[in-house]
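The values are calculated or read from the model by the stated rules, or taken from the named source; none is laboratory data. From a predicted model like this one, the values you see are computed outputs, not experimental measurements. Cβ: placed from backbone, ideal geometry, glycine included. Neighbour counts: every protein chain shown. These area figures cover heavy atoms from the full protein model, side chains too; ligands, DNA and RNA do not enter into them. Shrake-Rupley method; radii C 1.70, N 1.55, O 1.52, S 1.80 Å.
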Amino acid sequence: MEIAFENRFVRSLPADPETRNFCRQVRNACYSFVQPTPTASPQLISFAPEVAELLGIDSTWFASEQAARVLTGNELLPGMQPYAACYGGHQFGAWAGQLGDGRAICLGEKIGRDGKHWTLQLKGAGQTPYSRSADGLAVLRSSLREYLCSEAMHHLGVPTTRALSLGLTGDLVTRDMFYDGRPRREPGAIVCRVAPTFVRFGNFEILASRDEKENLKRLVDYTIACDFVHIPTGTPETYQQWFEEVCVRTCEMVVHWMRVGFVHGVMNTDNMSILGQTIDYGPYGWIDGYELDWTPNTTDANGRRYAYGNQPQIAYWNLLQLANALWPLLEQEAPLQHGLNRFAEEYQRQSNAMMASKLGFNQWDPETDPAMVEQLSEVLQTVETDMTIFYRTLANIQMDGLEVSQLSTMITDGWLQDFFRDAFYAPDPIDAGFLKRMGTWMHQYLRRLMIDGRSDSARKGSMNRVNPLYVLRNYLAQQAIDQAEKNEFGEIDTLLDLLRNPYTEQPGREQYAQKRPDWARNKAGCSMLSCSS
Ligand code: AMP
Ligand code: MG
């Protein structure tokens, strides 16, 4: 099949002159040419039709042997120029030097139906000059998680890289999942990811760290010209405006994460897309019981640097590292500080608006709402309560025609316990002290709704558009993994289909909206994930 590629990244940016594939420090270059490693027995197990459509690739192609070969790195299509990008990063708060695409290989840029350039990238396609001591491969469990979550996030309205396909390589890959000396041979897999660009904060950081100012300027100019086309180039404000937009986009992304209960798990600067898209799905997780301190990443269990509630501050810290990397181009603090301030202001504003929409208010009321949100966050953490189910349940409150004087009769301990039963992980009866505090909060909340005066149906409709019903709960992904490891792939497409409409009730699929079952509480993959992938 004929698929045309136009590779601006390769054409515009400096290449590593060394084309042999061995691990090394790569200087004075943004990328190295590298070929994907052939695999034993390529097999495609799923593809996302809407991503194919976006790219203008006919869906029938995915049934072909060629598709399986191309999407696992066993065949290149005419026009593809595979490369691995050079980047560095701050990992867990410390500068880590050169990292780079150690197992990701960009194939080329396909012009999509929308006329835009979309880079296709294989993750797990073999060693590159950036593999350091690792094998360049990826296993099925982590690839399946990345594949499904990329698409789930997109359909939730969260900026993200996309996933075109999931394929098996036919090779076995050895992984010590919990770094505890119990390695296992697992099926190798490859996700084909798709994004306008895979450039990260770390691509700029590595150039600044090496004093490669000219290349830094080239990469910034390239990024603005290709991916921030509305920003006028060559003016004294160009870089300031661009950095500010990166700050704002990053802010929007994190506000979405907080809205849907997503925890990235490894917010290192090499995992921060310059586009403000969620990138690099590793030991991420979804909040079941609402807890600001929760992290799915066992590697981060002690410091909890990347816990749910820390994500906004970490995004800011990462932007600060990017600002430092851009310093040589601006040589002034004010424009960079301006962008960082913009993040802080925007975060407050957008987070307030987001919380108002989750709670069903017409708009944020700065007089009453900060305390209400703060108290809710405290109350929800007192007794383990499922975040997703809590907000969907809250939307069901019926108060058309209700008077303030009737609230006390309505909000009893029994009513609260019944009403939120599906959301509580704690066994009945629910702690009396908790019910009292919840009752006090509920009283204020309903009074607040009365002031807004929306009808039940209008409020419910708007709440259910921002509070998802179906999210990729960690245990749901794990069930699909357990089956896929036995060569049963049906659950992957079921989940893909379910998560296509995360806000809409889907008859017959009620079980996917239920709280995490007890068996999954401490099961590996369901609540505990490591960076091993
Ligand atoms: P991550 O924590 O997954 O974002 O990865 C950090 C760095 O390690 C990146 O440069 C990755 O390309 C690299 N890396 C992770 N896993 C592998 C692997 N199996 N083989 C080669 N490089 C890897
Ligand atoms: Mg990464």
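More than 16 Å apart: what percent of Cα pairs in region 162-254 qualify? More than 16 Å apart: 71 percent of the Cα pairs in region 162-254. When the C-alpha to C-alpha distance is required to be over 29 Å, the pairs from Lys110/Lys217; Lys110/Lys523; Lys123/Lys358 that qualify are Lys110/Lys523; Lys123/Lys358.
When you count, for each residue, the other Cβ atoms within 10 Å and take the mean per peptide, how do 416-428, 302-314, 285-297 rank with the highest first? All intermediate terms of the calculation are to be shown ahead of the outcome.
Values: 416-428: 14.6, 302-314: 17.3, 285-297: 21.2.
Listed from highest to lowest mean packing, they are 285-297, 302-314, 416-428.
With every protein chain kept in place and ligands, DNA and RNA left out, what is the accessible area per residue of region 203-359? Probe 1.4 Å, answer in Å². On a per-residue basis, region 203-359 sits at 35 Å².
With Cβ to Cβ distances under 14 Å as the rule, what net charge do the other residues near Phe434 carry (K, R +1; D, E -1)? Don't jump to the answer; show the numbers that get you there.
Numbers: positive: Arg421, Lys436, Arg437; negative: Glu378, Glu384, Asp413, Asp428, Asp431.
Within the 14 Å Cβ shell, the charges total -2.
Rounded to the nearest 10 degrees, the angle from helix 140-156 to the longest Cα principal axis of the chain is 60 degrees.
Treating each Cα of region 203-359 as an identical point scatterer and summing with the Debye formula, the log10 of I(q)/I(0) at q = 0.19 Å⁻¹ comes to -1.18. Remark: region 315-412 is approximated by an ellipsoid whose semi-axes, taken from the C-alpha gyration tensor as √(5λ), come to 41, 15, 11 Å, largest first. Helical content of the chain, expressed as a calculated mean residue ellipticity at 222 nm, amounts to -12500 deg cm²/dmol (DSSP H runs of 4 or more residues, -39,500 (n - 2.57) each, divided by residue number, nearest 500).
The stretch between Ser133 and Thr233, if pulled fully straight at 0.36 nm per residue, gains 32.0 nm over its current Cα-Cα span.
Can you tally the net charge around Thr223? Count Lys and Arg as +1, Asp and Glu as -1, for every other residue whose Cβ sits under 13 Å from the Cβ of Thr223. Result for the neighbourhood of Thr223: +2.
Once fully extended, how much extra length lies between Tyr179 and Asp114, figured as 0.36 nm per residue of separation less the alpha-carbon to alpha-carbon distance? Spell out each step's value before the answer.
Working: separation 65, 0.36 × 65 = 23.40 nm, distance 4.43 nm.
Residue separation times 0.36 nm, minus the Cα-Cα distance, leaves 19.0 nm.
Using a 7 Å offset from Cα along Cα-Cβ at Arg521, what residues in region 465-497 end up with backbone N under 17 Å from the label point? Correct set: 474-475.
For region 432-480, the pair-distance distribution built from all alpha carbon pairs, in bins 10 Å wide starting at 0, is 20, 27, 32, 19, 3 percent.
Order the peptides 125-132, 142-149 from the highest to the lowest mean number of other Cβ atoms within 10 Å of their residues.
Details: 125-132: 23.8, 142-149: 27.0.
Highest mean packing first, the order is 142-149, 125-132.
Placing unit charges on the Cβ atoms of the charged side chains and taking the dipole of the chain about its Cα centre, the candidate lying farthest along the positive direction among Ala480, Leu172, Phe361 is Leu172. Computed over region 8-196, the range of Cα coordinates on each principal axis works out to 44, 41, 34 Å, biggest value leading. For the pair Arg421 and Val404 in one chain, pulling the backbone fully straight at 0.36 nm per residue adds 3.7 nm over the alpha carbon distance. Helix 238-260 and the longest principal axis of the C-alpha atoms of the chain enclose an angle of approximately 50°.
Using only the alpha carbon atoms of the chain, find the Kirkwood hydrodynamic radius as the inverse mean reciprocal pair distance, in angstroms to one decimal. Provide the component values of the computation, followed by the final result.
On the way: mean 1/r = 0.0410 Å⁻¹.
When all Cα pairs of the chain are included, the Kirkwood radius is 24.4 Å.
With θ taken as phi - 60° and the Karplus curve 6.51 cos²θ - 1.76 cosθ + 1.60 applied, the whole-hertz 3J(HN,Hα) list for region 342-347 is 4, 4, 4, 5, 4, 4 Hz, x standing for glycine and proline.
Between 0 and 90 degrees, the angle of helix 432-452 with respect to the longest Cα principal axis of the chain falls at about 90 degrees. Taking amide H atoms as placed 1.01 Å from N in the peptide plane, the amide H of Gly89 lies under 5 Å from those of Ala96, Gly97, Leu99, each 5 or more residues away in sequence or on another chain. Packing order of peptides 483-496, 99-112, highest average first: 99-112, 483-496 (average count of other Cβ atoms within 10 Å over each peptide's residues). As a length-normalised measure over Cα pairs under 8 Å and 6 or more apart, the relative contact order of region 8-196 settles at 24 percent. Charging the Cβ of each Asp and Glu at -1 and of each Lys and Arg at +1, and nothing else, the dipole of the chain about its Cα centre rounds to 660 debye.
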